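Taking it in order: structure first as structure tokens, then the write-up.
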Amino acid sequence: MKKALVLGAGGFIGSHLVKKLKKEGFWVKGADLKYPEFDETQADEFIIGDLRIQTVCDKVLDQYFDEVYQLAADMGGAGYIFTGENDADVMHNSALININIVERAVKYKIGKLFYSSSACIYPEYNQLDPDNPNCAEKSAYPAAPDSEYGWEKLFSERLYLSFKRNYGLNVKIARFHNIFGPEGTWTGGKEKAPAAMCRKVAMASDNGIIEVWGDGLQTRSFLYIDECLEGIRRLMDSDTFFGPVNIGSDEMISINDLAKMVIRISAKNLAIKNIDGPLGVRGRNSDNNLIKEKLGWAPSLPLVKGMEKTYYWINNQVSCKF
Ligand code: NAD
């Protein structure tokens, strides 16, 4: 039986990934600061621990694994990444985790290591026009991410790639673009735009107002969790391609249109009020040419399908909590 290790297995993508790997027949070990919030973990073994600490990493990555998935990071949505208040923690905490893990991955000569980078590494100067952002993989340099979160991701991409070059570590790198879906953070400050929008709409009374950060004309694309997992597994299974590659949707939408989509799903009558808030780049969309070329696949689920599932799940959470 193949053995997998999922770091960040208590988080949104990690907890879904554990389920997928179990379905595929892996023996799975997970590690995180916390258990998954919304469902029991399906990992065969789960270590609660802080991966910034070397002795914890010694217990977590303590043997050969066929596949290691490094998803643990100090992260959140715009309200966490772009205010500047968490910059030192974001850089220090995530860099320490990656430095600890890469060393042990080489020590145990693990089969393959997946690293989750982010669309936030792309230069701000290519994302000023909301209708024509450029996020092709090769546009990453000259580097100019608009957040320290993006800079740390870029540093860690290079860290893993240098261990590939010098120590033969079999590394695979994906740059995720806004992954969303049920069982993700939807309140508390670390939630992302799709979950925040669903929560605001679910909590609003009919004929009320929801607040949307910025002028709402900023654009993004959002990828449903199942397609993210499919992309990760396809990248891991490729014998020839290691990335970095975008895993994202290329269905770009403005934030106001995303809000309108959620309002339609809820069947409520709500108005949108645009207010000041932390924003990030003006426009961003996944460029899927490379993933199509190298893996013969790209995400295709319409955004509205994923948003329906997410809205119903968050609406249910809101009803249970309030
Ligand atoms: P998440 O916050 O739900 O999961 C990250 C997990 O890492 C959390 O459960 C957290 O407790 C854990 N963690 C943080 N610090 C830790 C530490 N010191 N020791 C042990 N565990 C620690 O985030 P997610 O959405 O599941 O994202 C997974 C990965 O994908 C992250 O690396 C993130 O940067 C990357 N990513 C996600 C998105 C997205 O849209 N969700 C986009 C781009 C990149």
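The values are calculated or read from the model by the stated rules, or taken from the named source; none is laboratory data. The shown structure was predicted, so the numbers you read here are calculated from the model rather than taken from an experiment. Quick reminder, even Gly has a Cβ in these numbers, built from the backbone with ideal geometry, and neighbours come from all protein chains shown. Side chains are part of the model used for accessible areas, which takes the heavy atoms of the whole protein and leaves out ligands, DNA and RNA. Shrake-Rupley method; radii C 1.70, N 1.55, O 1.52, S 1.80 Å.
Working only within segment 230-239, note down all residues that are in contact (Cβ under 8 Å) with a residue 24 or more places away in the chain and open to solvent by 10 Å² or more (accessible area, probe 1.4 Å).
Quick first cut of segment 230-239, residues in contact (Cβ under 8 Å) with a residue 24 or more places away in the chain only: 230-236, 238.
Those that are in contact (Cβ under 8 Å) with a residue 24 or more places away in the chain and open to solvent by 10 Å² or more (accessible area, probe 1.4 Å): E230, R233, R234, S238.
Looking only at segment 119-146, filter to residues that are open to solvent by less than 10 Å² (accessible area, probe 1.4 Å) and in contact with a Lys or Arg (Cβ under 9 Å, 6 or more places away or on another chain); which one of those is farthest from T240 (Cα to Cα)?
Q127
Do the conditions hold for L290, that is, is it assigned to a loop (DSSP other than H, G, I, E, B) and outside the structural domain of F26 (by TED's automatic domain parsing)? Steps first, please.
Numbers: assigned to a loop (DSSP other than H, G, I, E, B): no; outside the structural domain of F26 (by TED's automatic domain parsing): yes.
No: the conditions fail for L290.
Take the conditions touching a residue at least 60 places away in the same chain (Cβ under 8 Å), touching a Lys or Arg at 6+ places or on another chain (Cβ under 7 Å) and within 30 Å of L161 (Cα to Cα) and apply them to L290. Does it pass? Before the answer, list the steps.
On the way: touching a residue at least 60 places away in the same chain (Cβ under 8 Å): yes; touching a Lys or Arg at 6+ places or on another chain (Cβ under 7 Å): no; within 30 Å of L161 (Cα to Cα): yes.
Spelling it out, it is not the case that L290 is touching a residue at least 60 places away in the same chain (Cβ under 8 Å), touching a Lys or Arg at 6+ places or on another chain (Cβ under 7 Å) and within 30 Å of L161 (Cα to Cα).
From the list D58, D39, D44, which residue is among the charged types (D, E, K, R) and within 23 Å of L96 (Cβ to Cβ)? Talk me through it step by step, then tell me what you get.
Details: D39 fails: within 23 Å of L96 (Cβ to Cβ); D44 fails: within 23 Å of L96 (Cβ to Cβ).
From the options D58, D39, D44, the qualifying one is D58.
Among the residues that make up segment 8-19, is at least one of them open to solvent by less than 20 Å² (accessible area, probe 1.4 Å), out of contact with any His (no Cβ under 6 Å at 6 or more places or on another chain) and on the phi > 0 side of the Ramachandran plot?
Checked against the condition, which is being open to solvent by less than 20 Å² (accessible area, probe 1.4 Å), out of contact with any His (no Cβ under 6 Å at 6 or more places or on another chain) and on the phi > 0 side of the Ramachandran plot, segment 8-19 yields at least one hit.
Exactly one condition in (1) closer than 26 Å to N134 by Cβ; (2) of a type outside the set (G, A, S); (3) over 19 Å from the mean Cα position of the chain (by Cα) is false for N269; which is it?
(1)
Working only within segment 175-208, note down all residues that are surrounded by fewer than 22 Cβ atoms within 10 Å (Cβ to Cβ), near the ligand (Cβ under 10 Å from one of its atoms) and not in a loop (DSSP other than H, G, I, E, B).
F176, A193
Considering I225, I291, I253, which residue is away from the ligand (no atom under 14 Å from the Cβ), buried (at least 21 other Cβ atoms within 10 Å of the Cβ) and within 19 Å of the chain's Cα centre (by Cα)?
Numbers: I225 fails: away from the ligand (no atom under 14 Å from the Cβ); I253 fails: buried (at least 21 other Cβ atoms within 10 Å of the Cβ).
Only one candidate qualifies: I291.
Out of all the residues in segment 84-97, is one or more in contact with a Lys or Arg (Cβ under 9 Å, 6 or more places away or on another chain), open to solvent by 30 Å² or more (accessible area, probe 1.4 Å), at pLDDT 95 or above and assigned to a helix (DSSP H, G or I)?
yes
The rows are residues; the columns are (1) more than 11 Å from the ligand (Cβ to nearest atom); (2) closer than 20 Å to T187 by Cα.
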{"residue": "V68", "(1), (2)": "yes, no"}
{"residue": "I81", "(1), (2)": "no, yes"}
{"residue": "A88", "(1), (2)": "yes, no"}
{"residue": "M91", "(1), (2)": "yes, no"}
{"residue": "S94", "(1), (2)": "no, no"}
{"residue": "V102", "(1), (2)": "yes, no"}
{"residue": "A105", "(1), (2)": "yes, no"}
{"residue": "Y108", "(1), (2)": "yes, no"}
{"residue": "L113", "(1), (2)": "yes, no"}
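May I ask you to list the residues in segment 130-155 that are away from the ligand (no atom under 16 Å from the Cβ) and touching a strand residue (DSSP E or B) at 6+ places or on another chain (Cβ under 6 Å)?
Taking segment 130-155 first, the residues away from the ligand (no atom under 16 Å from the Cβ) are 130-132, 134, 136, 138-139, 141-144.
Listed by number, the list holds a single entry, P130.
With respect to A136, determine if the residue is more than 29 Å from E85 (Cβ to Cβ) and within 21 Å of the chain's Cα centre (by Cα). Walk me through it before giving the result.
Working: more than 29 Å from E85 (Cβ to Cβ): yes; within 21 Å of the chain's Cα centre (by Cα): yes.
Considered against the rule, which asks whether it is more than 29 Å from E85 (Cβ to Cβ) and within 21 Å of the chain's Cα centre (by Cα), A136 comes out as yes.
Within segment 293-309, how many residues turn out to be in contact with a helix residue (DSSP H, G or I) (Cβ under 8 Å, 6 or more places away or on another chain), assigned to a helix (DSSP H, G or I) and either without any contact (Cβ under 8 Å) to a residue 12 or more places away in the chain or of a type in the set (A, V, I, L, M) (or both)?
4
If we keep just the residues of segment 131-147 that are without any contact (Cβ under 8 Å) to a residue 40 or more places away in the chain and in a loop (DSSP other than H, G, I, E, B), which is nearest to I253 (Cα to Cα)?
P145
Across segment 54-83, which residue is most open to solvent (accessible area, probe 1.4 Å) among those that are farther than 14 Å from L113 by Cβ and hydroxyl-bearing (S, T, Y)?
Keep residues of segment 54-83 that are farther than 14 Å from L113 by Cβ, which gives 54-56, 58-59, 62-63, 73-83.
Then keep just the ones that are hydroxyl-bearing (S, T, Y); that gives 55, 80, 83.
Working: T55: 89, Y80: 34, T83: 62 Å².
By that ranking, first place goes to T55.
Which residues, taken from segment 5-53, are within 8 Å of the ligand (Cβ to nearest atom) and acidic (D, E)?
D32, D50 - these are the residues of segment 5-53 that are within 8 Å of the ligand (Cβ to nearest atom) and acidic (D, E).
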